[in-house]
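This is the structure, below, for whatever I ask next.
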Amino acid sequence: MNALIHHLRPAAKIIETRPLTGGISAQTTLILFEEDCGEQTNWVVRTPATQAMFDLLKFLENTAVSAPAPRYFDDSGQFADDGLLVMSFIDGEMHFTPANPLEYANQLAEQLAAIHAIALQTDAFPFLEQNSSLNQERKNRPTALDSVFKVDQIKAKLEGWQPRLRNKPVLLHGDFWPGNALWHSDKLVAVIDWEDAHLGDPLMDLAKSRAELAWIFGQDVLHQFTQRYKALMPLDYSDLPFWDSLAALRFARLCDGDLDWFEAFFTEYGRYDLTSTVVTQRILWFINQILNE
């Protein structure tokens, strides 16, 4: 990191570097340094990273979406093998124990709606692809928990069902869940980890978020999130059960036959209730709602 900072700020004096916890798909490091004028600055360095991530964050600077501001991108291999992105530091952290869970749900819904409401221009996102990646969940390989999560029943329900893409394609975050939101004093201050961003039906993002909120917080938060999002986004929701079904298959794939990691991960954030039993009960409730529709 010293070489990176000296490359970008030759006269800077590094005060502190430390890894930031919580990331699953990337390594993030906080760098505190002193500029030659005496001002102290915090940057966050993320790896791996891509040019598309930098370009998207640059675009989001002029929107209502709360996201880190990009400072520098490098894929030369000089500082990291898989690309490196330097971003502004945002004073916030992952938050899974809200004092007011329903207001927490409202803020998440409002931010997702803000992402989806960005006006699409013909060339606004030339660095992003339009796809229905969630549809690939139909082809998941079997796991040890497939019978628990009724995977065969979900796939049977999906047999021959294709979404009609009734909604205009929009910018999708791709992995909008509470772990990719930063909070400060119960206020959502940033959405992070845009590596899966693409263009597509907004219901894909909504369904993934619904599945995540179902097992982390339960029915009340899920319903509040959905109602607030629907109030903000006048969409055709006819195909939401289809995308919910695929989001349930995605959950089963990400578990990969093991629920123990949930308990280990969330105890660090004060959630001692998310045992494998509780997670299973909650996601089964979500799945049963789908199968009963």
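When both residues are 6+ apart or on different chains and their Cβ atoms are under 9 Å apart, which pairs have a first residue that lies in the range 121-135 and is within 13 Å of LYS58 (Cα to Cα) and in a loop (DSSP other than H, G, I, E, B), and a second that is β-branched (Val, Ile, Thr) and open to solvent by less than 100 Å² (accessible area, probe 1.4 Å)?
Correct list of pairs: ALA124/ILE118; PHE127/THR50.
Also: Somewhere in the range 149-166, is a residue of a type outside the set (Asp, Glu), within 21 Å of the chain's Cα centre (by Cα) and buried (at least 19 other Cβ atoms within 10 Å of the Cβ)? Break it down stepwise before answering.
Residues of the range 149-166 of a type outside the set (Asp, Glu): 149-151, 153-158, 160-166.
Going one step further and asking which of them are within 21 Å of the chain's Cα centre (by Cα), we end up with none.
Checked the range 149-166: no residue is of a type outside the set (Asp, Glu), within 21 Å of the chain's Cα centre (by Cα) and buried (at least 19 other Cβ atoms within 10 Å of the Cβ).
Next question, about the same structure. Considering each of LEU57, LEU108, LEU102 in turn, give the residue that is surrounded by fewer than 17 Cβ atoms within 10 Å (Cβ to Cβ), assigned to a helix (DSSP H, G or I) and either modelled with pLDDT of 95 or more or within 16 Å of the chain's Cα centre (by Cα) (or both). Walk me through it before giving the result.
Values: LEU57 fails: surrounded by fewer than 17 Cβ atoms within 10 Å (Cβ to Cβ); LEU108 fails: surrounded by fewer than 17 Cβ atoms within 10 Å (Cβ to Cβ).
Criteria check complete, one pass: LEU102.
From the residues in the range 264-287 that are open to solvent by 50 Å² or more (accessible area, probe 1.4 Å) and in a helix (DSSP H, G or I), which one is modelled with the lowest pLDDT?
Selected residue: ALA264.
Hey, among THR29, THR21, THR17, THR41, which residue is closer than 28 Å to LEU254 by Cα, in contact with a Leu (Cβ under 9 Å, 6 or more places away or on another chain) and not small (Gly, Ala, Ser)?
Working: THR21 fails: in contact with a Leu (Cβ under 9 Å, 6 or more places away or on another chain); THR17 fails: closer than 28 Å to LEU254 by Cα; THR41 fails: closer than 28 Å to LEU254 by Cα.
Step by step, each of THR29, THR21, THR17, THR41 is checked, and only THR29 is closer than 28 Å to LEU254 by Cα, in contact with a Leu (Cβ under 9 Å, 6 or more places away or on another chain) and not small (Gly, Ala, Ser).
Scanning the range 1-42 for residues that are outside any loop (DSSP other than H, G, I, E, B) and among the acidic types (Asp, Glu), which turns out nearest to ASN180 (Cα to Cα)? Steps first, please.
Step one: list which residues in the range 1-42 are outside any loop (DSSP other than H, G, I, E, B), which gives 2-8, 13-20, 27-34, 40-42.
From the residues that got through so far, the ones that are among the acidic types (Asp, Glu) too are 16, 34.
Details: GLU16: 24, GLU34: 29 Å.
Of everything passing the filter in the range 1-42, GLU16 is nearest to ASN180 (Cα to Cα).
Here's another thing I want to ask about it. Take the residues of the range 44-54 that are in a helix (DSSP H, G or I) and of a type in the set (A, V, I, L, M): which is surrounded by the most Cβ atoms within 10 Å (Cβ to Cβ)?
Narrowing the range 44-54 to residues in a helix (DSSP H, G or I): 51-54.
Pick out the ones that are also of a type in the set (A, V, I, L, M) and you get 52-53.
Values: ALA52: 18, MET53: 22.
Among those that are in a helix (DSSP H, G or I) and of a type in the set (A, V, I, L, M), it is MET53.
Among (1) under 18 Å from ILE192 (Cα atoms); (2) exposed (fewer than 14 other Cβ atoms within 10 Å of the Cβ), there is one condition PHE96 misses while meeting the rest; what is its number?
(2)
Next up: What's the number of the only condition in (1) in a loop (DSSP other than H, G, I, E, B); (2) crowded, with 23+ Cβ neighbours inside 10 Å that LEU206 fails to meet?
Checking LEU206 against (1) in a loop (DSSP other than H, G, I, E, B); (2) crowded, with 23+ Cβ neighbours inside 10 Å, the one that fails is (1).
Need the failing condition index for ASP196 against (1) crowded, with 22+ Cβ neighbours inside 10 Å; (2) touching a His at 6+ places or on another chain (Cβ under 9 Å); (3) over 13 Å from LEU108 (Cβ atoms), just the number.
(1)
The values are calculated or read from the model by the stated rules, or taken from the named source; none is laboratory data. Computed from a prediction, not measured in an experiment: that's the story for all the values here. Counting neighbours? That spans all protein chains shown, and the Cβs are built from the backbone with ideal geometry, glycine included. With ligands, DNA and RNA removed, areas are computed over all heavy atoms of the protein, side chains included. Shrake-Rupley method; radii C 1.70, N 1.55, O 1.52, S 1.80 Å.
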